[in-house]
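Heads up: the structure comes next, in structure tokens.
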Amino acid sequence: MAEWRVSPEDAGVRLDKYLAAPDRAGSRPKAAAALERGKVFVNDREMTLADAGARLAAGDAVRLWMDRPGSSKKRSALGDARDLPIVYEDDTIVVLDKPAGLLAVPLPIGRREDARSVFEDLKAYLRQRGRRRPFVVHRIDRDTSGLVLFAKTAAAQETLKAQFKKHEPERVYHAVVYGHPSPPSGTWRDTLAWDTRALIQKETSPRDPRGKEAISRYRVIERLAGAALVEVTLVTGRRNQIRIQARLRGHTLVGEQRYVYGPDNLRPIAFPRQALHAHCLTFRHPADGRAMRFEAPQPADFSALVARLRRRLS
């Protein structure tokens, strides 16, 4: 991922013109395409084609993520007859294998950035088939890949949410973390509080009335060069739970941008997103209670990272 810091000489320049420089996107049409596909960020905010005329300020951080997962198609294609990554569908539920780079559900109105979400894609898909909008059951982070479950009816949503509230479904993730966790298996148990201003989880005292217990079980699948492939099973499901719990133990996720500590040279492995994949999901079907189990294979970027670090070890 390329990044530039806007110099005083470039202050006031339009974003698309800045990106069109030969050492960046290379032309105005390429800059427009990058904006249209969600590949451009300014100060960590995703920009859209509507932001092409935005004037940059000195010191602005401009990032161009050309190979961002899920960005190969125009965002304006929402609602088109586009294939959804459907793993399973029946009259009551839909299970999707969400690519990294897409929101699971739209951001709140006050934070909307016109970023594409699989919820909106699914809503368009269902509308074309004469169905109502989908109902959110749970969600995963934008740059986390893997399984996410939606309901087709409000009754199914209520039943499934009750299961999640009781921590009945099993949610298993694969993660690549820095270092080699010791012992190689165990339980992470923390008290976390969501910072509504910084929009991050923070560790807090068990006596903090805002604090919520966060529990994960982990086991090392494979030791890699400077890192490890780890399986993490959520017991609770707090926002960003695996990301903050791994960081609290000195095992920051490879590619992590938010839950980090110390200088960048402590995290030398190049990867354009947090290396986290929702691999397995089990729950009871809301209609008849039968056990449902789904697995999503590691996406190409994730498996390539593991293979690269495996080769370095040998």
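Once you sort the root eigenvalues of the Cα gyration tensor of the chain as a ≥ b ≥ c, which label holds: rounded (a/c under 1.5), prolate (a/b larger than b/c) or oblate (the other case)? The shape class here is oblate. Taking θ as phi - 60° and the Karplus parameters 6.51, -1.76 and 1.60, the scalar couplings of the stretch 283-289 work out to 6, 9, 4, x, 7, 10, x Hz in sequence order, x denoting glycine and proline.
Considering only A228, G38, F294, and ranking their Cα positions along the charge dipole of the chain that arises from unit charges at the beta-carbon of Lys, Arg, Asp and Glu, the one farthest toward the positive end is F294.
Could you report the chain's accessible area per residue, 1.4 Å probe, as an integer in Å²?
49 Å²
Each label point was placed 7 Å from the Cα along the Cα-to-Cβ direction; for R132 and R312 their separation is 5.0 nm. Summary of packing: across the peptides 282-290, 219-227, the per-residue average of other C-beta atoms within 10 Å ranks them, highest first, as 219-227, 282-290.
Within the straight-line cut-off of under 27 Å between alpha carbons, the lysines reachable from K202 are K98, K161, K165, K166, K212, sequence neighbours fewer than 8 places apart in one chain being disregarded.
For the stretch 256-261, putting each phi into the Karplus relation 6.51 cos²θ - 1.76 cosθ + 1.60 with θ = phi - 60° gives couplings of 4, 10, 9, 9, 9, 8 Hz, in residue order, rounded to whole numbers and with x for Gly and Pro.
At a 10 angstrom cut-off on C-beta neighbours, averaged per residue, how do the peptides 298-306, 35-43 rank from highest to lowest?
35-43, 298-306
Considering only V94, T153, P8, and ranking their Cα positions along the charge dipole of the chain that arises from unit charges at the beta-carbon of Lys, Arg, Asp and Glu, the one farthest toward the positive end is T153. Accessible area ranking (1.4 Å probe, heavy atoms, ligands and nucleic acids excluded), largest first, for R45, R273, R247, R142: R45, R247, R142, R273.
For the chain, a crude dipole built from +1 on the beta carbon of Lys and Arg and -1 on the beta carbon of Asp and Glu, taken about the Cα centre, is about 300 debye to the nearest 20.
Roughly speaking, to the nearest percent, how much of the chain's 1.4 Å accessible area is carbon and sulfur?
49 percent
Each 5 Å bin, from zero up to the one with the longest distance, holds this percent of the alpha carbon pairs of the stretch 201-287: 3, 11, 22, 23, 17, 12, 7, 4, 1, 0, 0.
The values are calculated or read from the model by the stated rules, or taken from the named source; none is laboratory data. This one's a predicted model, so the numbers in the text were calculated from it and none came from an experiment. For neighbour counting, all protein chains shown are included, and Cβ atoms are generated from backbone atoms with ideal geometry for every residue, glycine included. For the accessible areas, the whole protein counts, side chains as well, though only heavy atoms, and no ligand, DNA or RNA atoms are used. Shrake-Rupley method; radii C 1.70, N 1.55, O 1.52, S 1.80 Å.
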